[in-house]
Amino acid sequence: MNVNLLLLELQNLDLQSQENARARADAEKQYADSAAVDAARADLERATTQLDALEHQLRDLELETGSLTDKLALVNERLYSGRITNAKELAGLNDDEKMLQKRKRELEDRALSLMEKIETTNAAVQTKRAAFADSSTQTNAQRLLAQNNLHQLDASDAELAQQRASLRARLDAPTLRSYDQLRAAKKGRAVAQIKNASCSQCGYAVPAGLLSRIKVGSELVWCANCGRILTP
């Protein structure tokens, strides 16, 4: 049993577990990310609120115009009925009729302006509603993808845990203790392979006498420079 090769295999599993943890964090962030759809919803709500306010103003104007029209009808009925013969009273009714007509024209002009604004705002609402629907679709697709990734990571982590436990069971306590301590100190890379007779992590040239011991793998051999466990 080559202890060094077992440790290299264990390190590969541990590195894959670390990579899975990073991928899980990304997937969870992606699943929780609702910034785009929240912004689209807020835009739609603002436009809808503006449209509601304009429509409310138009209804108020229509009510006021209707009331004014009724008053104008009463004034005209009295003015042209022939029942009023007093010149002063007729002049007063005539002034009232002119004032009501002027006010009615003002209300109608305001209503026309409001209807133009309502048309423009309603078009904006439709555009923002479509944008919100598109954003919702994209967000749902993003969440589904993230959820699938999380399920795959669950399966991968379960398999890695099983393989890792099996490997650790084949190594003695002192060896595992050295590996775990180095792994914590060396950012997850406790084991370094020999490449061209040198440590692959720091480039230190390994003496020829140590190379044969490393190949046998019956004992731990450490790099004299970076302190990692060396493996063929």
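The values are calculated or read from the model by the stated rules, or taken from the named source; none is laboratory data. Quick caveat, the model's predicted, so the values are computed rather than measured. Reconstructed Cβ throughout: ideal geometry from the backbone, glycine too, with neighbour counts over all protein chains shown.
For the stretch 74-90, the criterion of a residue being under 30 Å from ASP172 (Cβ atoms) and touching a helix residue (DSSP H, G or I) at 6+ places or on another chain (Cβ under 8 Å) is satisfied by no position. Scanning the stretch 108-130 for residues that are more than 23 Å from GLU45 (Cβ to Cβ) and among the basic types (Lys, Arg) gives a single hit, ARG110. Sort through LEU160, LEU150, LEU93 and tell me the only one that's in contact with a helix residue (DSSP H, G or I) (Cβ under 9 Å, 6 or more places away or on another chain), surrounded by 13 or more Cβ atoms within 10 Å (Cβ to Cβ), at pLDDT below 95 and not polar (S, T, N, Q). Testing whether each residue is in contact with a helix residue (DSSP H, G or I) (Cβ under 9 Å, 6 or more places away or on another chain), surrounded by 13 or more Cβ atoms within 10 Å (Cβ to Cβ), at pLDDT below 95 and not polar (S, T, N, Q) leaves just LEU93. Restricting attention to the stretch 202-231 and to residues that are assigned to a strand (DSSP E or B) and either surrounded by fewer than 14 Cβ atoms within 10 Å (Cβ to Cβ) or of a type in the set (A, V, I, L, M, F, W, C) (or both), the residue that is farthest from the chain's Cα centre (by Cα) turns out to be ALA205. Here GLN163, GLN138, GLN152, GLN142 are screened, and the one residue that is within 30 Å of LYS29 (Cβ to Cβ) and touching an Asp or Glu at 6+ places or on another chain (Cβ under 8 Å) is GLN142. Is it the case that ASP33 is in contact with a Ser or Thr (Cβ under 9 Å, 6 or more places away or on another chain) and closer than 24 Å to ASN148 by Cβ? Yes; evaluated as a whole, the condition is true for this residue. Tell me which residues, restricted to the stretch 152-175, are farther than 21 Å from ASN20 by Cβ and in a helix (DSSP H, G or I). ALA169, ALA173, PRO174, THR175, listed by residue number.
Return the only residue of LEU15, LEU74 being of a type outside the set (Asp, Glu) and modelled with pLDDT under 95. Please lay out each step first, then the result.
Working: LEU15 fails: modelled with pLDDT under 95.
When all the criteria are applied, what remains is LEU74.
Just wondering, is there one or more residues in the stretch 100-108 that are surrounded by 13 or more Cβ atoms within 10 Å (Cβ to Cβ) and at pLDDT below 90? No, every residue in the stretch 100-108 fails to be surrounded by 13 or more Cβ atoms within 10 Å (Cβ to Cβ) and at pLDDT below 90. Looking for something at pLDDT below 95, of a type in the set (Ser, Thr, Tyr), over 16 Å from GLN11 (Cβ atoms) and not in a helix (DSSP H, G or I) - is there at least one such residue anywhere in the stretch 189-201? So far as the stretch 189-201 goes, no, none of its residues is at pLDDT below 95, of a type in the set (Ser, Thr, Tyr), over 16 Å from GLN11 (Cβ atoms) and not in a helix (DSSP H, G or I).
Go through LEU61, LEU44, LEU51 for me and flag whichever is touching a helix residue (DSSP H, G or I) at 6+ places or on another chain (Cβ under 9 Å), surrounded by 14 or more Cβ atoms within 10 Å (Cβ to Cβ), without any contact (Cβ under 8 Å) to a residue 60 or more places away in the chain and of a type outside the set (Phe, Trp, Tyr). Walk me through how you get there before you give the answer.
On the way: LEU44 fails: without any contact (Cβ under 8 Å) to a residue 60 or more places away in the chain; LEU51 fails: without any contact (Cβ under 8 Å) to a residue 60 or more places away in the chain.
Result of the check over LEU61, LEU44, LEU51: LEU61.
Has the stretch 97-106 got any residue that is farther than 25 Å from LEU144 by Cβ, assigned to a helix (DSSP H, G or I), aliphatic (A, V, I, L, M) and touching a residue at least 40 places away in the same chain (Cβ under 8 Å)? Taking every residue of the stretch 97-106 in turn, none turns out to be farther than 25 Å from LEU144 by Cβ, assigned to a helix (DSSP H, G or I), aliphatic (A, V, I, L, M) and touching a residue at least 40 places away in the same chain (Cβ under 8 Å).
Taking ALA133, is it among the hydrophobic types (A, V, I, L, M, F, W, C) and touching a residue at least 12 places away in the same chain (Cβ under 8 Å)? Criteria not met by ALA133.
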